[in-house]
Each structure stands twice: as structure tokens, then as C-alpha cells.
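Take a look at the structure below.
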Amino acid sequence: MYDLQFTATDDADWSQAVEIIDAATNLALADAATASFELDVTDCGTVQLTAKTSDLTMTKPDSNTIQWTFTQAQMSGLCVGTTYKVGCRMTTASGSILLFTGTLAFIDGGMA
């Protein structure tokens, strides 16, 4: 499992792509092509944002990459200066695993 850090600003969409690789081999994760994925952004255990391949709020531009975009309007519910927890789960026919965790630093995008 990986620990990833993301940053987003309050004046733009947050669009991110993550390549799904096997930590041991550094190659594409074998099950990624047929798996489904779900990403949650949480604060104190409360889900603030969710993206899923099952409802197309998360896409797979290729077999081992996932991508999501939250619009500036969707991000407006977050508090500037707050760091949120991020988690992504991968589900295959054999079950689910926590693929990565991390943080999202939500910062002021305006000019000082």
C-alpha cells in the first residue's frame, strides 16, 4: 500500500491521475485492468468527496491508471487550510484491498 500526498486549491478543479503499479515489481498491477475503484476524501471520519469507477466519477484512461476530477463547485464544501484524509479501494472478483491512503492539503489559490 502506498501513502500519497495531494494538493488542491480553492480556485480550480482538482484533477488527478494515479498509475496503479505493483510495489514489488514496479509493473502494472495485474488485476487493475478489470478492477473497480473507489476514492473517498474524509474529514474526522465524514466523507466529503467520493469518486467511483462504477458511476463514472472516476475513469480509467488506460488499464493501469485511474483518474478523477472534482470541480471547483464540488470542492467548495472543503475548508481552506485543512488537510483531509484520502483513501482508495480496489475491488476485484477475489475481494477488496486498500490500494492507497494519503492526504489532501486544501489551500488558498489566490494571489497573496
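Values quoted throughout were computed directly from the atomic coordinates according to the rules given, and no laboratory measurement underlies them. Model, not experiment: these values are computed from the prediction. Here Cβ is always computed from backbone atoms with ideal geometry, including for glycine, and neighbour counts include all displayed protein chains.
Step by step: first the residues of the stretch 16-49, then only those that are acidic (Asp, Glu) and in contact (Cβ under 8 Å) with a residue 40 or more places away in the chain, then the one that is nearest to Leu99 (Cα to Cα). Which residue is that? Give the derivation first.
Restricting attention to the stretch 16-49, the residues satisfying the condition of being acidic (Asp, Glu) are 19, 22, 31, 38, 40, 43.
Imposing the further condition that a residue be in contact (Cβ under 8 Å) with a residue 40 or more places away in the chain reduces the set to 19, 31, 38, 40, 43.
Values: Glu19: 11, Asp31: 12, Glu38: 10, Asp40: 12, Asp43: 19 Å.
Per the stated criteria, the residue is Glu38.
For the stretch 98-108, does any single residue satisfy the condition of being more than 29 Å from Asn26 (Cα to Cα) and buried (at least 16 other Cβ atoms within 10 Å of the Cβ)?
Of all residues in the stretch 98-108, those more than 29 Å from Asn26 (Cα to Cα) come to 106-108.
From the residues that got through so far, the ones that are buried (at least 16 other Cβ atoms within 10 Å of the Cβ) too are 106.
Yes, because at least one residue in the stretch 98-108 is more than 29 Å from Asn26 (Cα to Cα) and buried (at least 16 other Cβ atoms within 10 Å of the Cβ).
Is one or more of the residues making up the stretch 6-14 surrounded by fewer than 16 Cβ atoms within 10 Å (Cβ to Cβ), on the phi > 0 side of the Ramachandran plot and not aromatic (Phe, Trp, Tyr)?
No.
Can you find even one residue in the stretch 56-65 that is among the charged types (D, E, K, R), part of a loop (DSSP other than H, G, I, E, B) and surrounded by fewer than 15 Cβ atoms within 10 Å (Cβ to Cβ)? Show your work before the answer.
As a first pass, look at the stretch 56-65 and keep what is among the charged types (D, E, K, R): 60, 62.
If we keep only those that are part of a loop (DSSP other than H, G, I, E, B) too, we end up with none.
No: zero hits.
Just one of Thr46, Thr42, Thr92, Thr83 is farther than 19 Å from Ala17 by Cβ, surrounded by 13 or more Cβ atoms within 10 Å (Cβ to Cβ) and out of contact with any strand residue (DSSP E or B) (no Cβ under 6 Å at 6 or more places or on another chain); which is it?
Numbers: Thr46 fails: surrounded by 13 or more Cβ atoms within 10 Å (Cβ to Cβ); Thr42 fails: out of contact with any strand residue (DSSP E or B) (no Cβ under 6 Å at 6 or more places or on another chain); Thr83 fails: out of contact with any strand residue (DSSP E or B) (no Cβ under 6 Å at 6 or more places or on another chain).
Result: Thr92 is the single residue among Thr46, Thr42, Thr92, Thr83 that is farther than 19 Å from Ala17 by Cβ, surrounded by 13 or more Cβ atoms within 10 Å (Cβ to Cβ) and out of contact with any strand residue (DSSP E or B) (no Cβ under 6 Å at 6 or more places or on another chain).
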